[in-house]
1. In the structure shown, do any of Lys476/Lys552; Lys95/Lys179; Lys603/Lys664; Lys49/Lys552 have a Cα-Cα gap over 29 Å, and if so which?
2. Suppose the Debye formula is applied to equal point scatterers at every Cα of segment 434-486; what is log10 I(q)/I(0) at q = 0.13, 0.22 Å⁻¹?
3. Taking H placed 1.01 Å from N in the peptide plane, check which residues at least 5 places from Val299 or on another chain put their amide H under 5 Å from its amide H.
4. How high is the relative contact order of the chain, given as a whole-number percent (alpha carbon pairs under 8 Å, six or more residues apart)?
5. Per DSSP H run of at least 4 residues, take -39500 (n - 2.57); add these up for the chain, divide by its residues and hand me the 222 nm value, nearest 500 deg cm²/dmol.
6. Enter the Cα centre distance for the pair segment 572-592 and segment 386-425, rounded to the nearest angstrom.
7. What relative contact order, as a whole-number percentage, does segment 571-700 give when Cα pairs under 8 Å and 6 or more residues apart are counted?
8. Taking a ≥ b ≥ c as the square roots of the Cα gyration tensor eigenvalues, with a/c under 1.5 meaning rounded and otherwise prolate when a/b beats b/c, else oblate, which class fits segment 553-692?
Amino acid sequence: MAVLQKIRQRSLLLILIIGFCLLAFIVGDLFNNGGFSSSSKDVGSINGKGISFEDFRIKVSNVEKSGQGTTSTQAANRVWEEEVSIALLTAEFDKLGIRVGENHIMEIFKADQNIGQNPTFLNAAGKFDVAKFKEFFKANPDQAQNLKEREKSAALNAKFQIYNSLIKAGVYTTDSEGKFKYGMESNKVNFDYVSVLFSTIKDSDVKISDEEITNYMKTKEKKYKAEESREIQYVLIEDKASPEDETEVKTSVTALLSPRVEYNKETSKNDTVPGFKGAPDPVDFVNSNSDKPYDSTYVAKKDLPAQFAEQLYNLAPGEVFGPYTNNNFVCLSKSLGKKAGAQVKSSHILISWVGAERAAPKENRTKEQAKVKAEGILAQALANPGMFQIVAFTNSEDPSVQQNGGDMGYISSDANFAKGYKDFVFSNPVGKIGLAETEFGYHIINVTDKQDAVRLATVAQKIEPSEATTDKIYTKAVKFEMDATEGDFDKVAKAAKLQTNPSIKVKIMDETFGILGNQRQIVRWAFEGETNIGDVKRFEVPNVGNVIAKVKAVFEAGLTPIADARPMVEPILKNKKKAEMIKAKMKGATLEAIANANKTQVKPAADVTLENPTLPGVGQEAKVVGIAFALKGNSISAPIEGNLGVYVVKTKTVFTAPAIKSYKDYVAKLNSQNASASGRIIPALKVDAKIEDNRSQFNY
C-alpha cells in the first residue's frame, strides 16, 4: 500500500517524464528520418536541379535486370553518368531553343531496327509506315505508356542530333588555317644552337617542398581537381586449407583405390566394396565419390593438365593414375579408352542468303545465288589451298573472320555446332576442302587438323579447410582486428607474421578493391560518417578469407593529394629550378663562348619545320624552333627554356615556301582532326558544372 501511495503522489511527475521521453523519441525520429532532416531526398543535383531518388532507383533496378552480371554499383554508376549527361545537354538545348516535333521523333524510330524494321509497321513495299505504327498503338492502349517513354528518349536523341550538327557546323577550318598548316609543314629554318639539358643536373640536387607543389596546383585547379577519397591498408588472412587438411584429403582419395568393407543393413552382413581399380561401373563410382560429376568428354592431350598430360594420355584402358593434385583437387583418373580424331580443327568461309540464320539485315542474295557464289569460291580455294585464309578475309560473311581469319578452332563430336558443318569435318580427312550447307548458309570448309583424345573417369575431391582450420583462421583474424585497433597496424601485423598489403585509394562510389575485386562493403564502410582515420574493421569475404582494413588517410574533395600529385608536378618544378640554374651559366657574346663556358658544343639544325620541331639527338622543342624562325640574322637569342633543357640559338637561313593555288588538302587535314569534337562535349560541360552526388547517402 505504501508503494501505491508513493506512486499516486508522484503521478504528475511520472506523466511529465513519460511525455518528455515520447516527445524526444518523436523529435529524434523526425530528425533522423527526414521530418527536419538536412539530408536530401534527391540522389544528387546538376547545377541545382535535383535527381529524384525514386526515379533513380527504378532506373538502376532496370539496368540491373537487363545486364547480366551487372552489380548494383555498376548499374548506379551507369545511370548516374546518363543522368548527368542528360541534365547538362538538356540545359544546353533549352539555352539554344532547340525543339523537335513528331517528324523528328519518327525519324529516330525509323532508324531503330526494332521499330523501323519491325514487320508490324511495314507497308506492302517493305517500308516503315507511320500510319500503321500509330494504328498499332491505338489498337493496343496497354502499350501506349511504353511508347510515351520511348518518345521521351527519341525526342532527346533528336535534339542531340540537332545540337551535334550545330557543333560540327561551328567547328570548321578556314583557308587561312590551311595556309598556316602549309607553312608549318613547308617553311624551313637552319640554325646553330647550344643546349644544356636538364639531365646534366642531378635530381637529388634540386628539392621541391610540399608547399611548392600545392601552390603550383592552385594555379591549375581544374587540372588537379580531385574527388573525396580514402586510403585503406589491409591484411588478408586467407581461408585456405592447412597441410594437415591436404594430407587428410589425399588419404581419403588414396583409400578409394583399394576395396573396403561396409556393413549392409539389408543383409545384416559386411560387404566388400571394390575400390576404383576394380569398380565394375567407374561412372557410378565417380558420381558417388567425387566432388565433380563424371565428364564423358574425350580430351585431347593438349587439354590435359600439363604436369600429368603424358601419364594420363598414355594410360591403358582400365588403368588408374593417381592420386595427383590439380587445381586444388586431389584426383584419381581411370582410362576408359581413346578415340581417333575426336577433336577436329577447321577453317571456313561463310556465304549466306536472305533469310539464313544471322544473315546481315541488308542481305538480298537468294539461296541459289549463294550456292553459285560459294561454288566459285570453293574452286578458288581448291586451286590454291595455301591462300585459304586470304580468300576468307576477302569473301567470308562470318563477322568474326577479321579476328580469326575463318579459323573455328577445335570442336568435338558432341559440341553444340551446326550439324552439316560437323558432319563434314568429322567425315573428311585433314587437308580436305569442300562445301557444306547449314542454317547459316553455305560453308567452304578446310579441315586443318585432327587429334586423338582420351576419355577419363576422374574422382576429384576438393582440398578445403576443415572446421578446425576455419576456427583457427577466424580466431586469428578477430585477434588481429582487436590488437590492430589498439596498436600500430604494421607492427601488429609483423608480430602476427602477417603481410600488410600496399595501401589502396578508393573514391566514394568505387567497388573494386585492388586484387580482391568487388568489395563494395569495405569502400562503403570507409566513407561512413562514423568512420575515422585509424579505424579498423574485419570483413568476411566468401571464398577468400578475412580482410582486416584500416583507414590510413582521408582526403576531402579539392586539390589532388600531394603524394599523388608529386610524381606529376615534381619533375615540372625541378626543371624550372634547373632552368634558372642553367640560365645563370649561359653567358657569352657568341655561341662558341657559351658552349665553352658550359663544357658543350655548338650543334647545327638543318631544314627544321614547325610541324616537326625536332632537334637532332635531343627531341622535340617547338619553342626553340619557333624563336629560330623569328630571330633576326647574325644575332643570338636569349636563353630559351625548352622541354628538355635550356638553349641559345643563332639563325642562319629561313626558307619560306612559295604560295600555292589551293590549300584544300591542308584544310582537309585539319578538318579530320575536328571529327571527334562531339565526343568532347560532355567532358567540357562537366568542367564548369556544379554536380552534387548524394548516392552514398542512399546506400549505393
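1. Numbers: Lys476/Lys552 22 Å; Lys95/Lys179 35 Å; Lys603/Lys664 37 Å; Lys49/Lys552 35 Å.
Checking Cα-Cα distances, Lys95/Lys179; Lys603/Lys664; Lys49/Lys552 exceed 29 Å.
2. For segment 434-486, the Cα-only Debye profile gives -0.65, -0.91.
3. Val454, Arg455, Leu456
4. 23
5. About -13000 deg cm²/dmol.
6. Comparing the Cα centres of segment 572-592 and segment 386-425, I get a distance of 65 Å.
7. Values: 91 pairs, mean separation 20.1, N = 130.
About 15 percent, as a whole number.
8. Working: a/c = 3.44, a/b = 1.24, b/c = 2.78.
It is oblate, given that a/c is not under 1.5 and a/b is not larger than b/c.
The values are calculated or read from the model by the stated rules, or taken from the named source; none is laboratory data. As the structure is a prediction and not an experimental result, all values here were calculated from the model. We place every Cβ from the backbone using ideal geometry, glycine too, and count neighbours over all the protein chains shown. Only protein heavy atoms, including side chains, enter the accessible area calculation; ligands, DNA and RNA are left aside. Shrake-Rupley method; radii C 1.70, N 1.55, O 1.52, S 1.80 Å.
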